[in-house]
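Input: a single structure, listed below in structure tokens.
The values are calculated or read from the model by the stated rules, or taken from the named source; none is laboratory data. Everything numeric in this text was worked out from a predicted model, so none of it was measured. A quick note on method: Cβ atoms are made from the backbone with ideal geometry, for glycine too, and the neighbour counts reach across all protein chains shown. We work out accessible area using only protein heavy atoms, side chains counted, and drop any ligands, DNA or RNA first. Shrake-Rupley method; radii C 1.70, N 1.55, O 1.52, S 1.80 Å.
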Amino acid sequence: MIFPENTPGFVLDVFARKSLWEAGKDYGHGTGHGVGAALNVHEGPQSISPRWLNKEVLKKGMVVSNEPGYYLDGVSGIRIENLLEITYVKDEHNNAYDMGLEEGDEGYPEVEPGQKKFLCMKKLTMIPIQKNLIVTSLMTEEELDWLDQYHEEVYAKVAPLMDKEKEADGLKWLTKACEKIDRSGIN
């Protein structure tokens, strides 16, 4: 997801809930919260939730959780939780930030009048999503493609870090867990 600088988290929360809302459902918790500034879990000031009074904008370098879910009271529920880092879309803005440059400083990339800088979320959590709980017939091709691409990225980043001899069982598990999802039962 790409969004303009100075966007508060409550604006993005709508996108996470869209599919559930279209089915007449919702979840009763925030989609995400700040993580790790003081070694705690639920940290602000940023959040991604329907609490529109929190107008703290998402900024480069912030870490937020991404944890949409659904619960059927007294029956069951599911929630996937990952961590994301807010970062600029353009490398030139990330490089300027990393060098400590601010707008107006020499060497800071120019933004044309009337234009904005845009942010996105970089995945920090690199662990496969459990596929045996997924009902593929409820997913779109785009969602299935996203899942396959996520698993491809997880494998590409994690497998090289594993010792092929000492961690053979773990590497075998990772390989299987990151396989493309079976689409044979989809119409």
Looking at the range 133-187, which trypsin sites (Lys or Arg not before Pro) are DSSP coil and have at most 13 other C-beta atoms within 10 Å of their C-beta? LYS164, LYS166, LYS180, ARG183
What range in the chain is the longest one free of GluC sites (Glu not before Pro) that are in a loop by DSSP and have at most 14 other Cβ atoms within 10 angstrom? 1-55
Which residue fluctuates most in the GNM of the chain (Cα springs below 10 Å): ASN82, ASN94, ASN40? ASN40
Would you tell me the accessible area of ASP163, worked out with a 1.4 angstrom probe on the heavy atoms of the protein chains, in Å² to the nearest 10? 60
Surface/4 of the Cα convex hull for the chain, nm²: 15.1
Net charge near ASP91: determine it from the other residues with C-beta under 14 Å of the C-beta of ASP91, scoring Lys and Arg +1 and Asp and Glu -1. +2
Mean separation of Cα contacts under 8 Å, 6 or more apart, over the residue count of the range 33-187: relative contact order %: 15
Only four residue types carry charge here, +1 at the Cβ of Lys and Arg and -1 at the Cβ of Asp and Glu. Report the dipole size of the range 35-89 about the Cα centre in Debye, rounded to the nearest 20. 220
Over 5 Å intervals from 0, what percent of Cα-Cα pairs in the range 124-187 sits in each interval? 3, 18, 27, 22, 14, 9, 5, 2, 0
Please list, short to long, the whole-number percent of alpha-carbon pairs of the range 78-187 in consecutive 5 angstrom bins beginning at zero. 2, 10, 15, 15, 13, 11, 11, 10, 7, 5, 2, 0
ASN40 to ILE186: FRET efficiency via 1/(1 + (r/R0)^6), r the Cβ-Cβ distance, R0 45 Å, to the nearest 0.05? 0.60
As a check on your grasp of the helix formula, calculate [θ] at 222 nm for the chain: sum -39500 (n - 2.57) over DSSP H runs of n ≥ 4, divide by the residue count, round to the nearest 500. -8500 deg cm²/dmol
State which entries of LYS122/LYS180; LYS90/LYS164; LYS25/LYS55 exceed 28 angstrom in Cα-Cα distance in the structure shown. LYS90/LYS164
